[in-house]
Amino acid sequence: MQTTPPAEPGSQRRILLAGCGKLGILLGERLVARGATVFALRRTTAVLPGIFTPVAADLSISLPAPLPEVDELVVTLTPSSSASADHPDDYLVKIRNLAAALPVLPRRVVFVSSTRVFEGRTDERPLTEEDAPATVTERGRVVLAGELLARELLDSYIVRPAGIYGPGREMLLRTVVGGTPVDYARRTNRIHQIDLARAIDTMLQVHEPPRLVHAVDQAPTPLGDVVTYIAHLLGRQPPPRTEPGIPSGTVLDGARLLELLGNLQYPTFKAGYAEMIEAQQRQLG
């Protein structure tokens, strides 16, 4: 496959967002605001902003026509949460079909993966981009296979976000409100969706970005601390604890992301969740 030559200085960038959900829309709006032409690929395009050029396509099957020729590509496809060895997901098929439909290889491809690839690690020390992944579930295996395939077919730069939160991603708020039991001892990492969009945007722009980045904030925190803080802001009792409460999960090092961006708009979960809850309370009057 040919490679798209670098865009001329001052020329309008053409960018394809493959799998344009919440994250893709947030990123695309940033790109359009700076003058880029954004093509947004998804099966149903009615939810897309009018400032995008919609591309209605089902990547689970071979596309009947080539995709638009673009300078850059961001892939935010996600495997099914119900994938299993008996019912495999078509995630890898979608990546292959996407690559096959590109008329030329864009000059830069950013592939959004997940820190799920470390689900089998039990280290207490912070894991860096140099540490080897270890998976134990079918979904984790598929995510890691997707990374490898994206590198092979698209020469992708990889971004691995931890738990994404922000407006529209309010699972922990619902957990606290609903009183759902929580594993207080589980080590967790997260990233605000705005900082994740900034990271991908920067990966597209800089001359020599890192080939792999963990998109995590500066405050890996036991889950119990997070839900207790949210409960305090909401004026509610913290949710009950699950037993036996043995520490699990991983801690991920975010130094490379911080070096890439210079700063995080939401360096810890406290500012992000405080802002979300304040916005909700304003809406309720």
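Every read-out reported here was derived from the displayed coordinates using simple, explicitly stated rules and does not represent laboratory data. Small disclaimer: the values here were computed from a predicted structure and weren't measured. Cβ atoms come from the backbone with ideal geometry, glycine included; neighbour counts cover every protein chain shown.
Relative to the longest principal Cα axis of the chain, at what angle does helix 22-33 sit, 0 to 90 degrees, rounded to 10? The angle comes out at about 50 degrees.
Kirkwood's formula applied to the C-alpha pairs of the stretch 144-285 gives a hydrodynamic radius of 16.5 angstrom. Computed over the chain, the per-residue total of -39500 (n - 2.57) for DSSP H runs of n ≥ 4 gives a 222 nm mean residue ellipticity of -10500 deg cm²/dmol, rounded to 500. A simple spin-label model places the labels of Leu284 and Ala132 4.9 nm from each other, with each point 7 Å out along Cα-to-Cβ. The simple spin-label model puts a point 7 Å past each Cα toward its Cβ; for Val206 and Arg34 those points are separated by 1.3 nm. Using the Kirkwood radius over C-alpha pairs as Rh, can you work out the diffusion coefficient of the stretch 137-198 via Stokes-Einstein at 20 °C, viscosity 1.002 mPa s, in µm² per second? After rounding, the answer is 150 µm²/s. Taking θ as phi - 60° and the Karplus parameters 6.51, -1.76 and 1.60, the scalar couplings of the stretch 234-251 work out to 7, x, 10, 6, x, x, x, 8, 8, 10, x, x, 8, x, 8, x, 10, 10 Hz in sequence order, x denoting glycine and proline.
Under a 5 Å amide H cut-off, with hydrogens placed 1.01 Å from N, Thr53 pairs with Val38, Phe39, Ala40 among residues at least 5 apart or on other chains.
Phi angles across the stretch 272-280 convert, under the Karplus curve 6.51 cos²θ - 1.76 cosθ + 1.60 with θ = phi - 60°, into 3J(HN,Hα) values of x, 6, 4, 5, 4, 5, 4, 5, 4 Hz, Gly and Pro given as x. Run the paramagnetic zone check for Val93: 7 angstrom along Cα to Cβ, then residues of the stretch 31-52 with backbone nitrogen under 19 Å. It comes to 42-44, nothing else. Summarising the label geometry, the points placed 7 Å from Cα in the beta-carbon direction at Leu63 and Lys22 lie 2.6 nm from one another. With distances taken between every two different alpha-carbon atoms, the stretch 185-256 has a Kirkwood hydrodynamic radius of 14.4 Å.
For the chain, the alpha-carbon coordinates run over 56, 46, 35 Å along the three principal axes, in decreasing order.
Once the Cβ-Cβ distance between Val47 and Arg174 is put in as r, and R0 is 25 Å, what FRET efficiency do you end up with, to the nearest 0.05? The computed FRET efficiency comes out at 0.70.
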